[in-house]
Structure formats: C-alpha cells, structure tokens
Number of protein chains: 2
Amino acid sequence: MSDPPKSVLARGLRVLDAFGPADVDLTLAQLAARTGLPKPTVHRLVGELVSWGGLERSDEGYRLGMALFVLGQRVPRQRGLREAALPYLEDLYEATHENIHLTVFDSTDTLFLEKVTGRRSMPIVSRVGGRLPAHCTASGKVFLALGPPAYLRRVVRDGLRRLTPKTIVLPGLLRQDLARTLDRGYGINREESETGVVAVAAPVRDRRSNVIAAISIAGSAHRLDLERLAPAVRTAALSLSRVLAREPAN
Amino acid sequence: MSDPPKSVLARGLRVLDAFGPADVDLTLAQLAARTGLPKPTVHRLVGELVSWGGLERSDEGYRLGMALFVLGQRVPRQRGLREAALPYLEDLYEATHENIHLTVFDSTDTLFLEKVTGRRSMPIVSRVGGRLPAHCTASGKVFLALGPPAYLRRVVRDGLRRLTPKTIVLPGLLRQDLARTLDRGYGINREESETGVVAVAAPVRDRRSNVIAAISIAGSAHRLDLERLAPAVRTAALSLSRVLAREPAN
C-alpha cells in the first residue's frame, strides 16, 4: 500500500479496506502491517469502528461487522437493479439450473451484483461483490463491445492479464472478439476466466439505451451449449430492460 | 440524532449513517441537517468519502457508493451462511414459488440476509439488509423461543410495537405464542407484520446446536397453508444445519 493517509477518516477507512475478499479475522498486528499505521493508532481507530458496527471483535482479532452489510445493501446503484432483476434471474435458474449472474462494469472489471445458484449448478469462482477482469468474462465483453469506447481503452491500457491458457491477452484478438460480440448481440467466454467454465451474457439497457448491466449463464464447458442458451439470456435481459425503462432512473 | 461526535472518523461514519433504507440522493444541506454537523465540515468529509468510494456524486447531491456494497459482501457473519444456504433457499423457492428468506437475529430485530423471490411470489415488504421487529415475524419467534433468554428480555424491555391489528403487543400473549413455537419447533406469523401476509420459519443451528439463523416462507394469507409448508421449511433448515456442522465455524 502507499503511504498512510494523514486524515483520520481516511485512516479509518483504510483499516476497513485491509480486509480482502477471503479474509475473516485479522489481528491488530496484521491490521497495522497492512495499513502501514502504528499499532496504537490502529487500536484507537478499531475501537471507533467497533462501536459503529463496521468491525466486530472476535476470538482471533477483528472482522468486518454487520453494519457494513446493511449499509452496502442501501447502495442505489445495485439495489434497484438487483430487485428488478431477481425474478428474471430466478426464471433463468429454474429453466437451466446453472449459475446465473447479474453484473455491472466497474473500473476495468466485471463486478458481480447477484448470483443465483443451486445444488445442480457447477461450483465456480464468482461471488456476489466479487470481481473478474472484464476482458475474460462474457459480461465484460458485452460492456466492452456495447459500452463507451473509454471502457476498452482503460482495459487495454491496464494490460490484459492471463487467467487461463485460453484468456485473450492480445488487444488485436480482443478487438476481433468484441466485433463478433457486437455483431451477435451477446458475449461468450470459453474457459477464459476459469478452466472448464464457459458463459454467455446479454446486455441490460436503461431507458436511454445505455448498457448498464449484463445477465449471464455460466457452467461446465462439457455441458453448456452457449448458442442454445443465448436466446434465453437475451430474453431475460430484454425483459429486464423493458421494466427498467418504465421506472425512474436511479 | 444525538450531539455530533468529536472524532473525525465518527463524524465521517455518521455521514454514511445519514442514508436511510429508502434514500437515494441527499444534498449537502440534508446531510448537514441529519448529522448535526456544520456544512463546511460535511463538505470536507464527503470529499474524502467520495475518493474512497463510499459515496458517489450525483446530479442531486450524493448517494452511497459501490465500495460499501463490495465491503458489505465481505462481512463473514453473513457471507458463509448465505453461500451455504443459497441452494436450499433455491430448492424451497422452486417447490413453492413463494418468498423465501434467510434471517438472523440482530439487536431486537429480524435482519434479512437473503431473499429469493420471483414473478409468482406475492410482493411483500422484506428486503435484503432490511429489518422487522422480531416479535412479529415467524423467524423472530424462532429466535425468541429457541435462542438465549436475553433476546426475549431485550425485546420486551424495548416494547412490543404494533405493526398491524394482529401484532402481538402483550408480553404475556407473546410468551404463550413462543411456548407453542418451542413445542412445534417452528414459528408462525399470521398477518402480524403486514396485513395479508403470513409466514412460517424454522431454526438453523451451528455445530454446538445454537440457533444462528432461520429460514422462512412468506406469502399471501389466502393462499399459504402454513402447516403444510412447515415440514419443507424444517427440512431445508435441518439440511443447512447439517452442512454448517461440517464446516469450520466462522
């Protein structure tokens, strides 16, 4: 991490940011090391975060607290979209029993807003609130092909990271794939984010026809027929777009 | 709200807390009024919260930002439970097409961790991250009847708020209802939280047999046969408890 910030608020927020996607408990010493702040400072900040509810004390140290979950659920950019999408996601799940995602573009990533999955779905790495680089997901290709050109520039400038042997890491090849995505109207990922996993994604548009989200189906490379599933994903995404066009923009 | 806190961190957190469950945009003036902080102070705090990602600028002011959603999804108390529960919730949804909830007890409330709902489900007030008073929900009665006695003491001390004409507001009557809940092993809500809505809930236990969550089905008072649905909810809750007993405690 960069030098610790001077402001007390920024320092407190950095303590929260010290918790990564897979962390449960962190000790005071770990928090000090990760934030670059002195232990007494961390101790004081942690006390305030605990009384707010953003941290909870545990046997092994501290963990993120329920207040953050509750506050996170109030974030408008995901709340309205997720509530409107849920019935369509459930329909897709019931028809396929695969992993169904609702995603948005964030920075250079596909950010997972919702995931519907069940006993018969193939276990895959995606998780709600988690991210994958946009260039190697079906949803991400939808955002890069149909969204503003700045998205693709940002992703290419950042470098196309390899996640599997099939990840597209050459900008020229990615552009070809995005041209096909634009042409078909849906994005496809063939084991480019996770070996053995394929996906198909379609765009969700707001009333001005901007692509604001995507719906995808992901599952086993041996089982999923992406071309056959594409119409179902597109239908769900179109239905959701129609609902969103009727609602006041959030 | 009480007097504004002195600490800069607590003041910044109070700005986040100014956003209620139904708020989208708040102006600087609204934030100053709700936090009791001077406008220039709020302006400075808001700047820091925006650069962190916990607030986003909008045309009408400020709204909660995606960083809070992402962080909220990392809260261990809900994450492991929700991911383990999802397949069972999906099964219940598919079997009933009603509103399926995963809840925990928090303070004196039933806090909704997950909600599975679809096109055929009756629209009801519950929302993920939202709360209802424990004494008038099926899940809440499970927590009060099967959880530590301190739960019920806290709820009674707080006063039994009336939400509908059928809400149980007398401690003696609530105790009778909880005795029946204990006896049956599942909780029932007959239009006690929302007119026209009934629900049935069963306990989810950890490896030490403590009740840590509940699963419920909620829907139309005219359509739902709670006694018929109870075995399904109990089976789902027992299956989830068995899975949790095998996993390391979080």
Selection from region B:116-128 of residues that are without any contact (Cβ under 8 Å) to a residue 60 or more places away in the chain and within 8 Å of another protein chain (Cβ to nearest Cβ)
B:V116, B:T117, B:G118, B:R119, B:V128
Can you go through A:L68, A:L37, A:L92 and tell me which one is at the interface with chain B (Cβ under 9 Å from one of its Cβ atoms) and buried (at least 17 other Cβ atoms within 10 Å of the Cβ)?
A:L68
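Return the residue satisfying two criteria in turn: it lies in region A:71-80 and is part of a helix (DSSP H, G or I) and basic (K, R), and of such residues it is nearest to the other protein chains (Cβ to nearest Cβ). I'd like the intermediate steps shown before the answer.
We begin by selecting, within region A:71-80, every residue part of a helix (DSSP H, G or I); these are A:71-72, A:76-80.
Adding the requirement that they be basic (K, R) leaves A:77, A:79.
Values: A:R77: 6, A:R79: 8 Å.
Taking the candidates together, the pick is A:R77.
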Out of A:T110, A:T164, which single residue is within 22 Å of A:S220 (Cβ to Cβ) and in contact with a strand residue (DSSP E or B) (Cβ under 6 Å, 6 or more places away or on another chain)?
A:T110
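Can you pull out the residues in region B:180-210 that are part of a loop (DSSP other than H, G, I, E, B) and surrounded by fewer than 16 Cβ atoms within 10 Å (Cβ to Cβ)? It would help to see each step written out before you state the result.
Here is the first cut: in region B:180-210, the residues part of a loop (DSSP other than H, G, I, E, B) are B:185-186, B:191-196, B:206-210.
Hits for region B:180-210 are B:G185, B:T195, B:G196, B:R207, B:R208, B:S209, B:N210.
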In region B:18-34, residues that are out of contact with any strand residue (DSSP E or B) (no Cβ under 8 Å at 6 or more places or on another chain), within 11 Å of another protein chain (Cβ to nearest Cβ) and at pLDDT 95 or above total 0
Let me spell it out: the conditions are (1) more than 8 Å from chain B (Cβ to nearest Cβ); (2) within 30 Å of A:V156 (Cα to Cα); (3) β-branched (V, I, T), and A:V42 meets all of them except one. Which number is the exception?
(2)
What are the pairs, 6+ residues apart or on separate chains, where a residue within region B:41-61 that is hydroxyl-bearing (S, T, Y) has its Cβ under 6 Å from a residue that is buried (at least 16 other Cβ atoms within 10 Å of the Cβ) and not in a helix (DSSP H, G or I)?
B:S58/B:D25
If I go through region B:55-65 residue by residue, how many of them are out of contact with any strand residue (DSSP E or B) (no Cβ under 6 Å at 6 or more places or on another chain) and within 7 Å of another protein chain (Cβ to nearest Cβ)?
1
Looking at region A:113-124, can you tell me whether even one residue there is within 20 Å of A:A22 (Cα to Cα), outside any helix (DSSP H, G or I), in the same structural domain as A:L81 (by TED's automatic domain parsing) and out of contact with any strand residue (DSSP E or B) (no Cβ under 8 Å at 6 or more places or on another chain)?
yes
If B:S107 passes every condition in (1) touching a helix residue (DSSP H, G or I) at 6+ places or on another chain (Cβ under 8 Å); (2) surrounded by fewer than 18 Cβ atoms within 10 Å (Cβ to Cβ); (3) within 9 Å of another protein chain (Cβ to nearest Cβ); (4) within 27 Å of A:R63 (Cβ to Cβ) but one, which one does it miss?
(3)
Residue list for region B:211-224, restricted to those being in contact with an Asp or Glu (Cβ under 6 Å, 6 or more places away or on another chain), of a type in the set (A, V, I, L, M, F, W, C) and crowded, with 24+ Cβ neighbours inside 10 Å
B:I217
Would it be correct to say that B:P4 is part of a loop (DSSP other than H, G, I, E, B), farther than 22 Å from B:H101 by Cα and away from chain A (no Cβ under 11 Å)?
yes
Subset of region B:157-179 [more than 19 Å from the chain's Cα centre (by Cα) and assigned to a helix (DSSP H, G or I)]:
B:R157, B:P171, B:G172, B:L173, B:L174, B:R175, B:Q176, B:D177, B:L178, B:A179
What residue, of A:E83, A:E56, is surrounded by fewer than 21 Cβ atoms within 10 Å (Cβ to Cβ) and outside any helix (DSSP H, G or I)?
A:E56
Residues of region B:195-250 being modelled with pLDDT under 95 and of a type in the set (S, T, Y), in sequence order, are B:S209
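The values are calculated or read from the model by the stated rules, or taken from the named source; none is laboratory data. A quick note: this is a predicted structure, and the numbers were derived from the prediction, not measured. With ideal geometry, Cβ positions are generated from the backbone for all residues, glycine too; neighbour counts draw on all protein chains shown.
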